[in-house]
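Please read the structure below before turning to the comments.
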Amino acid sequence: PPNFNKWIQAEMQPVYGSQQEFKHWIITLSDVTRIKYLLQNNENLALHDSLTGLPNRQFFWQTLEQNIDAGKHFYVMYLDIQQFKHINELHGHLTGDSLLIAASKRIKKLLQKEDFFARIGADEFAVVLCKDRFDSNAQDGQLVDLFDQCATLATQIREESKRPYYTESDERCLLPLRVGIASHPQDASQSEALMKAADLALHAAKLFAQDPIQFYSKDLKDASESRLRLESKLRDAIANEQLEMYVQPILDLAGSVCGLGRWS
C-alpha cells in the first residue's frame, strides 16, 4: 500500500469507578491501512475492465442509474467495432486485445473529464454525456446545445476510428466504429429502456452503412417492430407450411419455353 496515506481505526472505551462515576477513556488505535487498501483495490477490480482499465458494464449501469435518479439530461452513445471478430480470427486474440486497448485510448482522448466512458462488451463501448459538459469550442460564453455536442463528438469518434491501426508486426488494421445514440429523458426515463433505445439506434447504424451514426427516433422503433412482426409471421408460415411457390413458363412467339416466371 502507499506509504503517504494512513487509515487509523480508533476505539474508545469509557472507564467507570466503583460508584459508576466516569474516570477516563481508554483509546485504542489500530493501523488498518492495508485492510482499507485491499478493500478499495477489490472494489476497483470489481468495477473496472481488466484489459483496458475502463469502467466495466456493472460500473456503467450504476452510473446510468445515478444520472437518471439525479434527473439529469444526458445522452448515451453506444459504440460497436465493425467486424472485430475478423481481427481475432486473422491476427489472434492477443493482437486483438492490444488493438482494443489502442482503440479505447483513441476514444478517450476525444472525451472530457465530465464524460463517463466504459467498456460494456467484447467490442462494445459506451459514453455518457451530461448536460454539465463544457464545450471548449463555445465563444463569448455562448452555450452550445448538448445535442450538437453529442453529434459532433460522435462524428469525431467515427472519423478517428477510420484511421488505420498497426499490429506489432506492422500489419495494417481497420477498426471503424458504428454509433447508436439515445437521450434521457426524451427517449426513455428508465435505464433498461434507454439502453434498448441506444441499441436499436446502433442496430440501425449497422444496417445503414452509408450513415454509421444513428440517433434513436420513433421511426426507428416503428420500423424495428414492423420487421420483428414480419419475421415472426414468416417463421409461423414456414412452420405451418403456409408458403407455396408457383412457376409460370415464359413462351416465345414460336411456342418454346424461354424462361420461368416465379411468384409465391
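The values are calculated or read from the model by the stated rules, or taken from the named source; none is laboratory data. As the structure is a prediction and not an experimental result, all values here were calculated from the model. Glycine also receives a Cβ, built like all others from the backbone with ideal geometry; neighbour counts cover every protein chain displayed. Each accessible area value is taken on the protein alone, full model and side chains, heavy atoms only, with ligands, DNA and RNA left out. Shrake-Rupley method; radii C 1.70, N 1.55, O 1.52, S 1.80 Å.
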| field | Options Ile120, Asn5, Ala205, ranked by Cα towards positive dipole end of the chain, top entry (Cβ charges) | value | Asn5
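With the alpha-carbon atoms as the only input, what is the per residue convex hull volume for the range 140-264 in Å³? Don't jump to the answer; show the numbers that get you there.
On the way: hull volume 37.0 nm³, N = 125.
With only Cα atoms used, the range 140-264 gives 296 Å³ per residue.
Tell me, what are the semi-axes, in whole angstrom and largest first, of the equivalent ellipsoid of the chain as set by the roots of 5 times the Cα gyration tensor eigenvalues? Let's see the in-between values first.
Details: eigenvalues 616, 119, 102 Å².
Working through the eigenvalues yields semi-axes of 55, 24, 23 Å.
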| message | Past the 23 angstrom mark, what percentage of all C-alpha to C-alpha distances in the range 3-134 do you count? | response | 56 percent
| note | Stretched fully, the stretch from Gln210 through Asp222 gains (0.36 nm per residue minus C-alpha distance, one decimal, in nm) 2.2 nm
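Roughly how big is the range 15-110's charge dipole about its Cα centre, with Cβ charges of +1 (Lys, Arg) and -1 (Asp, Glu), in debye to the nearest 20?
Values: 10 positive and 9 negative charges, 64 e Å.
Here the size comes out at about 300 debye.
Given +1 on the Cβ of Lys and Arg, -1 on the Cβ of Asp and Glu, and no further charges, what dipole in debye does the range 145-264 carry about its Cα centre, rounded to the nearest 20? All intermediate terms of the calculation are to be shown ahead of the outcome.
On the way: 14 positive and 19 negative charges, 34 e Å.
Using Cβ point charges on Lys, Arg, Asp and Glu, the range 145-264 gives about 160 debye.
Over the chain, what percent of the accessible surface lies on carbon and sulfur atoms, probe 1.4 Å? It would help to have the intermediate numbers written out before the result.
Numbers: 9080 of 17500 Å².
Its accessible area is 52 percent carbon and sulfur atoms.
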| query | Quick one: which of 24-34, 215-225, 112-122, 242-252 comes out on top by average Cβ neighbours within 10 Å, and what's the full order, highest first? | reply | 112-122, 215-225, 24-34, 242-252
| query | For the charge dipole of the range 64-139, defined by +1 on Lys and Arg C-beta atoms and -1 on Asp and Glu C-beta atoms about the Cα centroid, which residue among Ala70, His93, Ala103 has the Cα displaced farthest towards the positive pole? | reply | Ala103
| message | Under the rule of at least 5 residues apart or a separate chain, name every residue whose amide H is placed under 5 Å from the amide H of Lys131. | response | His73
